[in-house]
Amino acid sequence: MTDWTGRTATEIAAAVRAGEATAGQVIACHLDRIAKLNGELGAFIRVRAAEAASEADAVGKRADLAELPLAGVPVAVKDAVPVAGEPMRIGSAALPDAPQGEDHPLVARLRAAGAVVIGLTNLPELAIYPFTDSAFGITRNPWDRRRTAGGSSGGSAAAVAAALVPVAHGTDGLGSVRIPAAACGLFGIKPGSGTVPGFPATGNWYGLSENGVLAGTVADAAVTLGVMAGTGFDLAEPSRLRIAVSVRPPGPGIVVHRTCAAAVRQCARQLAALDHDVHEDDPRYPGWLVPVMLSYWFAGPAADAGPYAGAMEPRTRRHVLAGRAVQRVRPPAGKDRDRLRAALAPFFDRHDVLVMPTLARPCPPARRYGERSWLRSVAMSLMFAPMTGVWNLAGFPAASVPAAGAGLPGAVQLVAAPGGERALLALAAQLERAQPWPRHAPGYSGSLRPSWEASKPRDS
């Protein structure tokens, strides 16, 4: 039997639609790979082996099989949205393990498009931190298992980077799709506010959280995001764009590591070579931005914890206590988004896309941080991943694009004003064509893996 692991989602769907493979065969291959590798990576907390096999057979019998954009594609779903028949623990052993009654709308859309939910992925308790460990295990980076896969969608990122699935769902409250995408050498996109069905109850973080996609290719991310959003995204060559380049952090005291800044400058040179109008320019971040973002980071999980906080990890309990104090003193308010958009409007009047770092420093070690000091987790979060949350507060679409790095992959972040998802996807696809990146971590893709050296431009 042909091994369908390591293929892109678009390749798999085309083969299933054409009858060159069955959805059952595709799922069987991926289940076998997950059984071999998940123990060392900790990507999945629940593998739906029997359910996925049954659902794959049902896909093969659908009358509309030839029209399904994700026919037979195995998809990982972060354990932060409801999947019918499965518990939703949001990384917490304290939350009830009762099965959910129905799918989240985005899960229903994925299934309607022919995708098969093969399992639920790990995340830190209540999706709070940018590194993934929970009562269900530590998620490790396939590029270097001593390092974190990022977070909070770390399980989804590790699953894609190790070719356990071609594409995965993630949630992003302050960067939780883009951070692990950057850590694991993937393309990850957080759509703008309202593009994909969101979170009516838990996980909303006062309107900051969005559902996004992690994938090895921009094309896979585009088709999956299109299904989730109920629309299509064109990856045609973009027109000449006005692109701003900035390595300035959004607040005082934040230090951007030289490797993270270097990736941005290299990307700027590549974009200029592609004939875009590229200039250095810094957004004027308002002075109130960082404390307001921190208030959301504390108050959002406090709202999610509900009556279960007392049984959660020590660091989560401390975080929730801080959040409840914030709720009393300075509760998050809808006017914050309006104020930030007004402050950023002149910058995005001048520019179509902003290029900036995704991360501020390389990935920290993979450890069981949930049993350690809360202040340590807070400090590490602020040093490692302070560059992404501003775009959740603004409600702007943003994506992380792989870039060559030393050892671990590098990354840059692309940001556009509301409605700019198509521009981000088209620009990222152009970068991918100009300088392809490895779709999987070394050692997890065999002959499918191109090297960074082979993909460098001749004049670099």
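Structure notes:
- Accessible carbon and sulfur surface of region 165-282 relative to its total accessible area, %, 1.4 Å: 53
- Other-chain or far-sequence residues with amide H under 5 Å of V117's (modelled H): V75
- Percent carbon-and-sulfur accessible area, region 74-159, ignoring ligands, DNA and RNA, probe 1.4 Å: 49
- With all protein chains kept in place, the per residue accessible area of region 78-222 amounts to 21 square angstrom at a probe of 1.4 angstrom.
- Spin-label pair A53/E280, simplified geometry with 7 Å Cα→Cβ offset, distance in nm: 5.9
- For A343 and Q100, the FRET efficiency from 1/(1 + (r/R0)^6), where r spans their Cβ atoms and R0 equals 45 Å, is about 0.70.
- Ranked by the mean number of other Cβ atoms within 10 Å of their residues, highest first, the peptides 423-434, 76-87, 157-168, 211-222 come out as 157-168, 211-222, 76-87, 423-434.
- Taken along the Cα-to-beta-carbon direction at a fixed 7 Å, the label points for R269 and D3 span 3.7 nm.
- Accessible surface computed residue by residue for region 1-67, with neighbouring protein chains in place and a 1.4 Å probe, gives 49 Å² per residue.
- The DSSP beta bridges internal to the chain are antiparallel in roughly 65% of cases.
- The phi-based Karplus calculation (6.51 cos²θ - 1.76 cosθ + 1.60; θ = phi - 60°) puts the 3J(HN,Hα) values of region 143-156 at 6, 6, 5, 7, 10, 5, 8, x, x, 8, 7, x, x, 5 Hz, whole numbers, x for Gly and Pro.
- Evaluating 6.51 cos²θ - 1.76 cosθ + 1.60 at θ = phi - 60° for every residue in region 12-20, the Karplus couplings come out as 4, 4, 5, 5, 5, 4, 7, x, 7 Hz, glycine and proline recorded as x.
- Between the entries (i) 62; (ii) 10; (iii) 15, the label attached to percent of Cα pairs over 41 Å apart calculated for this structure is (ii).
- Heavy atoms of the protein chains alone define the surface here; on that basis region 336-378 has 43 Å² accessible area per residue at 1.4 Å probe size.
- Cα gyration tensor shape for region 224-349, rounded if a/c is under 1.5, else prolate or oblate: prolate
The values are calculated or read from the model by the stated rules, or taken from the named source; none is laboratory data. Predicted model only: the values in this text are computed from it and were never measured. Don't worry about glycine lacking a Cβ; one is built from the backbone with ideal geometry, like all the others, and counts go over all protein chains shown. Each accessible area value is taken on the protein alone, full model and side chains, heavy atoms only, with ligands, DNA and RNA left out. Shrake-Rupley method; radii C 1.70, N 1.55, O 1.52, S 1.80 Å.
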